[in-house]
Amino acid sequence: MEKAHDVLIRNLGEHTALAQEDVAEIRGLTFVQREFAPNEDFIRQGDEPEHSALVVSGMIARYRLLDSGRRQYLAFHLSGDLPDSQGLFIDQMDHGLCALGPASVAFIPHRELFIAFRRRPTFALSVWRETLLDAAIFREAITNNSARPMHARMAHLFCELFYRARAAQLVRGNRCRLPLSLAQLGETLGMAIATVNRTLADLRRSGTMDMHDGELIVMKWRELQRLGGFSPTYLHLKRQSPPHA
C-alpha cells in the first residue's frame, strides 16, 4: 500500500504543479492512519472537525442524513481524495462520511495544515482547489439527478466513477472496485429499489457494463459514455485520455 504522503502528493499533482518545497512540506505533516469497516462512519453531521481526512485506500461516501434516518449519498471519494477539505473552513460539519467497503483513512491535524499553508501558498491553493473540484462534482450530480432520465443518470455515475478510478490508477483492465449496494445506488440516484434493478438490468443488456461482487466492469466505454452524456471536463484532470474499454 502507498504511504499516505505519496497518495496525497500524487492526487494534488493531478491538478496543481507542486514544487519540491511543496512536496517536502507535505512529507513533514503528521498522518495518523486508521482502518474502517464497511459502512463505518468516521465523520458525522454536527462534528466540529480538528483533522482533515485523506483516503489512502478503499472508497468513501459523503452523505446527508435525513430526519427519517434515510441517507442521500452526495459524492464518492477514492484514494488520494480529501473528502472533508471543506472542514478546514467551517466550524461544524453539515454532512457525514463513511467507508463503503474496507477503507484506510489518514488524518492530518488542521493546525499543521494551516502552518504549512502559510509557508507554502501553492500547497494551500492545491487544497483549496480540491474544494472547487468537489463543488464541480456536486453541480454535475445535481444536474444528473434532476435533468437526466434514469438510464442516462445511472450510466453517467458509472462513467464518472470509472474515469476517476482510472486517474487514480485503480482500474485493472476494464474493472474497478465499486462496493455499492443496490439500496445505496438508489439513495445516490434518487431511485426506488425496483427502478434501480430495472435500470441496471437494461444497462447490462446493452452490453456496455456489468456490476457484481463489488466491481464495476466496463465493456464498451464509448457507448456507456454516450448513454450517460458523460464528458470528463468538469473533473478538471490534467490527463483527459479516455479509458481503453
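The values are calculated or read from the model by the stated rules, or taken from the named source; none is laboratory data. On a predicted model such as this, the values are computed, not experimentally measured, just so you know. Neighbour counts run over all protein chains shown; Cβ positions are idealised from the backbone, glycine included. SASA here: full protein model, heavy atoms, side chains in, ligands and nucleic acids out. Shrake-Rupley method; radii C 1.70, N 1.55, O 1.52, S 1.80 Å.
Within the stretch 63-78, residues that are farther than 21 Å from D134 by Cα have Cβ atoms under 9 Å from residues that are open to solvent by 20 Å² or more (accessible area, probe 1.4 Å) and not in a strand (DSSP E or B) in these pairs: R70/E187, counting only partners at least 6 apart in sequence or on another chain.
Does at least one position in the stretch 103-110 carry a residue that is part of a strand (DSSP E or B), open to solvent by less than 10 Å² (accessible area, probe 1.4 Å) and touching a helix residue (DSSP H, G or I) at 6+ places or on another chain (Cβ under 6 Å)? Scanning the stretch 103-110, I find at least one residue that is part of a strand (DSSP E or B), open to solvent by less than 10 Å² (accessible area, probe 1.4 Å) and touching a helix residue (DSSP H, G or I) at 6+ places or on another chain (Cβ under 6 Å), so the answer is yes. Look at the stretch 89-104: where a residue is among the hydroxyl-bearing types (S, T, Y) and a partner is loosely packed, with under 11 Cβ neighbours inside 10 Å, sitting 6+ places away or on another chain with Cβ atoms under 8 Å, you get S104/M1. With respect to S79, is the statement that it is in contact with a Gly (Cβ under 9 Å, 6 or more places away or on another chain), open to solvent by less than 40 Å² (accessible area, probe 1.4 Å) and polar (S, T, N, Q) true? Here the answer is yes, as S79 does meet what is asked. Restricting R118, R129 to those that are free of Cβ contacts under 8 Å to residues at least 60 places away in the same chain and either in the same structural domain as S206 (by TED's automatic domain parsing) or part of a helix (DSSP H, G or I) (or both) reduces the list to R118. Selection within the stretch 210-245: residues that are modelled with pLDDT of 95 or more and of a type in the set (A, V, I, L, M). The member of this set that is surrounded by the most Cβ atoms within 10 Å (Cβ to Cβ) is V218.
Filtered by the rule that a residue be in contact with an Asp or Glu (Cβ under 6 Å, 6 or more places away or on another chain) and over 22 Å from L65 (Cβ atoms), the stretch 98-118 gives S104, H110, A116.
On the stretch given as the stretch 28-72, residues that are touching a helix residue (DSSP H, G or I) at 6+ places or on another chain (Cβ under 7 Å), more than 24 Å from L185 (Cα to Cα) and either surrounded by 14 or more Cβ atoms within 10 Å (Cβ to Cβ) or of a type in the set (G, A, S) (or both) total 6.
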